[in-house]
Amino acid sequence: MDSDRLMALVLGVILLLFGIVTIGAPTAVFDFIVLVVGIIFLISGILTAGLGLSAPAGTPRMVLLGSGLVSIILGLLAVISPYIATVAIGYLIALWLVINGILTIAYAASVEWEKHRILTGVSGLVSLLAGLFLFISPESGMALIMMVLGLFCLISGIITVIMGAFFWRS
């Protein structure tokens, strides 16, 4: 078995396992992802703030320092309380969905030349309803997003394993 085929099989198995774990425990996987992102924010914030403190004259030091401090605060929030970070992310996504839904519905109602404006309006309505659902229950919405991610990884893993086992050619 050549190395390309082996790598495809390994990738497929990893995707399958990640998909199964994500579907089985979506909240735990999301909390883990929030923790990893929090650590990345902390490291990035410390390095950026350090650049701000050691930057030569004429450099926008306060911008670097401010950016670093914001990253440190967000990183600490994610590491110390992943639940609060999860809810905050849920509310940001909900806000985006609601605004997008309202604007899409307004667009569909205002243009007469659009052939599929009813579908565009329905799309806006789905976005609006999903956003309202996330506002009501941000934890459930994030679990749903993780379930979709898990299904995507599961399907991608199956396809990658099949391709690696039967169809991959060097």
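The values are calculated or read from the model by the stated rules, or taken from the named source; none is laboratory data. Quick caveat: nothing in here was measured; it's all calculated off a predicted structure. Backbone-built Cβ (ideal geometry, glycine too); neighbour counts: all protein chains shown. Heads up: the accessible areas ignore ligands, DNA and RNA and are worked out on the full protein's heavy atoms, side chains in. Shrake-Rupley method; radii C 1.70, N 1.55, O 1.52, S 1.80 Å.
Here are the numbers for this structure:
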quantity	calculated
Whole-percent carbon and sulfur share, accessible surface of the chain, 1.4 Å	81
Fluctuation leader among 26, 82, 60 - the chain, Gaussian network, Cα springs under 10 angstrom	60
Scattering curve values for the range 55-100, log₁₀ I(q)/I(0), Debye with Cα scatterers, q = 0.13, 0.17, 0.31, 0.32 Å⁻¹	-0.47, -0.65, -0.98, -1.00
Mean residue ellipticity (222 nm) of the chain, computed from DSSP H runs ≥ 4 via -39,500 (n - 2.57), nearest 500	-30000 deg cm²/dmol
For the range 96-170, the fraction of alpha-carbon pairs in successive 5 Å shells from zero, as %	4, 15, 14, 13, 12, 11, 10, 9, 8, 4, 1
Net charge dipole size for the chain [Lys, Arg +1 and Asp, Glu -1 on Cβ; Debye, nearest 20]	180
Debye log10 I(q)/I(0) at q = 0.13 Å⁻¹ for the chain, Cα point scatterers	-0.91
Kyte-Doolittle mean at least -1.0 and Cα axial length at least 30 Å: DSSP H helices in the chain	3-24, 26-54, 82-110, 138-162
Estimated inter-spin distance, residue 51 and residue 13, nm [label 7 Å along Cα→Cβ]	4.0
Mean Cα-pair separation over length for the range 1-157, i.e. relative contact order, pairs under 8 Å, 6 or more apart, %	33
Accessible solvent surface per residue of the chain, calculated while the other protein chains remain in place, 1.4 angstrom probe, Å²	64
